[in-house]
Amino acid sequence: MNRYSSFLKKIVYAAGLRDQLSLAFRFAFVLLVGIVGFPIFASTAFAYNRSAAVAYADKWALSNDPNYLHYSEDCTGFASEAMYAGGDQQNRAWHGDKTSLSADWDVAPDNYFYEVNQNGAHLAETVNSSNSDYWNSYNATLPGDLIYYDWTGDGSIDHMAFQVNAGKAASDPNNPGWSFTGDLMDQHTTNRWHAPWNDIEYNPNYSITVIYEVSHKN
Amino acid sequence: MSERKNAAKTVHPRSRVKFYFLLVIAVLVGFIAFTQIQTANASAQLAKDIKNIKSVVTEAFIAPQTLTVIPEQMGSIAVSSSATIAPALDASVKLQASQNMIAFAHTRTQNRFNHIYAADSLVGKSLYGKIQTAIDAQSKGRFRALGGGIRNIHWRQVLVNGSQASVTVDAIVWARVKYSDESGMIHIAKPTAGYVKVFTLKKISDQWFVETQLDDDLQSAQMSINQIANPTPAITPTQSTHTRKP
């Protein structure tokens, strides 16, 4: 072993590589610190402010924030605005303002894949009418999380809503006397403030709908 | 004698002209009558096709609302053939449907689907599976479909081209569902919503069947026929370019 070690040293000296190797070790050390340290730094530097996101959603649930462009079907844009209010950083894929909206910002399935694949969110639970959790008042996610709806269960997401604080749902003008207490959501397209998270009260296709509950990164 | 014979054979030139004129008129009248009859037949056939297409599309539109309603007991509700209004069960029915009624609902769904969707329709197969699942789920005692149907239907466009057809239709659909939450509290929801759907149909042995259907928003409803895609069922969410009103 020593023989080989001294042999290597001789080669290093002979080739004049001592300084270069030292430089390489320093570079490797800095790289290692960066690889290990950056995620730790990034995770502590980013904190999703759920309260701020929920406050934004509750404020603009029934109207449009003039700081953003709004199309007639703006469910996903509304949820993106709330996430931005909660501290999510806009980027090339996910951005929106008064003049333009990216697909990941404004289109429900695109936003789902952006959140899950690029923004650290994860699918907490998938439910449909055959799953008893579909009928529960409380779901598997928290205020500030995301709810995606596939109305026909064909695998294509059609709509999304933004989960807000739990409580008593707003009254339904089409169903006097009805009441619901549990997890609530705000949504746009058909603007709703504090509706039941599973949307059963408003969804005649409830029996074939699939709901994706997605936890936003913290 | 022979002069008299020749005189009898001779036809006056004016009579000959008159004869040909009448012949032409007769042919023209016959041709016009023939085309009129053909047009009338085609119109009658088109009217018959449109009527059948509307009937099939109506049933397809509200299949999720009507076919998931499981009768409380045999014969207690009418199984409407028009399917424009689904039966509504009394809210006092038990949440857990009986096994024989679930079996009845399965058979009814299969029979209806055989009349609505083409055998090779991917959408039909997918929807059939979803409805069967929703029927089975009512044996667990957590929810019961009480009723459903259409309140208003608007035929935006019906295009018939031989044995192919395309239909764009919007309607207000309703449902009535009874369910219990995790604390055992019973709720009754009466959801109502407007939908736009685009169907493509094909005619097989004088019967129309749904091949594809697109459940989407106004944007897709305004697409031309050539732009309508055949939706492919998938297990996981797939990319799409449309969102839709709930």
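Read the figures in this text as sums done on the coordinates, not as results from a lab. Since the model is a prediction, treat every value here as computed from it, not as a measurement. With ideal geometry, Cβ positions are generated from the backbone for all residues, glycine too; neighbour counts draw on all protein chains shown.
Do any of A:Lys59/A:Lys98; B:Lys54/B:Lys130; B:Lys130/B:Lys203; A:Lys59/A:Lys168; B:Lys125/B:Lys197 go past 20 Å between their Cα atoms, and which?
On the way: A:Lys59/A:Lys98 18 Å; B:Lys54/B:Lys130 23 Å; B:Lys130/B:Lys203 25 Å; A:Lys59/A:Lys168 17 Å; B:Lys125/B:Lys197 18 Å.
As for pairs spanning more than 20 Å Cα to Cα, those are B:Lys54/B:Lys130; B:Lys130/B:Lys203.
Other chains near A:105-114: what is the mean number of their Cβ atoms within 10 Å of each residue's Cβ? Write down the numbers at each step before the final one.
Working: counts 0, 1, 5, 5, 7, 4, 1, 2, 3, 0.
Mean shielding count: 3.
Using the Cα atoms as the points, what is the convex hull volume per residue of the range A:50-215 in Å³? Don't skip to the answer; put the middle values down first.
Working: hull volume 17.3 nm³, N = 166.
Residue-normalised Cα hull volume stands at 104 Å³.
Straight-line reach from B:Lys178: which aspartates and glutamates have a Cα under 13 Å away, not including same-chain ones fewer than 8 places off?
Result set, ordered by chain and number: A:Glu201, B:Asp90.
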